[in-house]
1. Each residue of the stretch 157-164 in turn: what ³J(HN,Hα) in whole Hz from Karplus with 6.51, -1.76, 1.60 and θ = phi - 60°, glycine and Pro shown as x?
2. Of K97/K145; K96/K154; K96/K128, which sit over 24 Å apart, Cα to Cα?
3. Setting aside same-chain residues fewer than 8 positions from K55, which aspartates and glutamates have a Cα under 12 Å from its Cα?
4. Which one of Q200, L122, N133 is farthest out on the positive end of the charge dipole of the stretch 111-205, using unit charges on Cβ (Lys, Arg +1; Asp, Glu -1) and the Cα centre as origin?
5. Quick one: length gained pulling A101 to I141 fully straight, 0.36 nm per residue minus the C-alpha distance?
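Only the coordinates and a few stated rules stand behind these numbers; no lab work does. This structure is a prediction, so every number in the text was calculated from the model and none was measured. Note that we place each Cβ from the backbone using ideal geometry, even for glycine, and neighbour counts take in every protein chain shown.
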Amino acid sequence: MTCMMYLKKLIFKLGKSYLVFAVLFLTSVLVSKSAAHYNSEPLKKDFSGGDFTLKSAAGPLSLQDLRGSVVLIFFGYTGCPTVCPISLATIANVYKKMSRAGLQETRALFISLDPERDNLELLDRYTKYFHPNIIGLTDEISVLKKVAEKFGVKYKKTLVPDSTLGYVISHSSDIILVDRDGVLRMTVPHDIDTDHLLKQLNSLL
């Protein structure tokens, strides 16, 4: 299923309250690339990851809680017009190619850098649409900043008064892979070929 098809279904799944986002996404794909995509920054090289605890719809979740599983981590926000949906669709497509046993040993964390708008209920609906193994997390800005620094993620919120959302959040776009012991092993581009990502993921299982 293409990313465009994902987002068309997302309009129906999330309802009228989220129609503005969907229209913004579809328009940005058809007309031009988004500011978030243009301003996506590569991960810094001087980072090592580490444990953290953030909020999910099911309660607090830490990276430590997922020991024994290979974890994919991606930072973004639900209003991101292109980069984030593509990343989540990529991860979902990889999961669809995995065996049931393999799926039980991996999770993906979508960490929202926009806690003001991305409440836990919205994050849960958004991520679960793509795949049940993807968990939406967020917290206060001060907490998110520390977690982002651990993983070398840079981001910046810029006001765009004449846009539908009113702002964009430029952010690092790589997908981060953490092994069963919680050790950061590699980063890959957000639009990586699904077969290549599947190969990298299976190498850690």
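1. Listing the rounded values in order: 8, 10, 6, 10, x, 8, 9, 5 Hz.
2. K97/K145; K96/K154
3. Hits, sequence-local ones excluded: D118, E121, D124, D139, E140.
4. Result: Q200, furthest along the dipole toward the positive end.
5. Full-extension gain reported as 10.8 nm.
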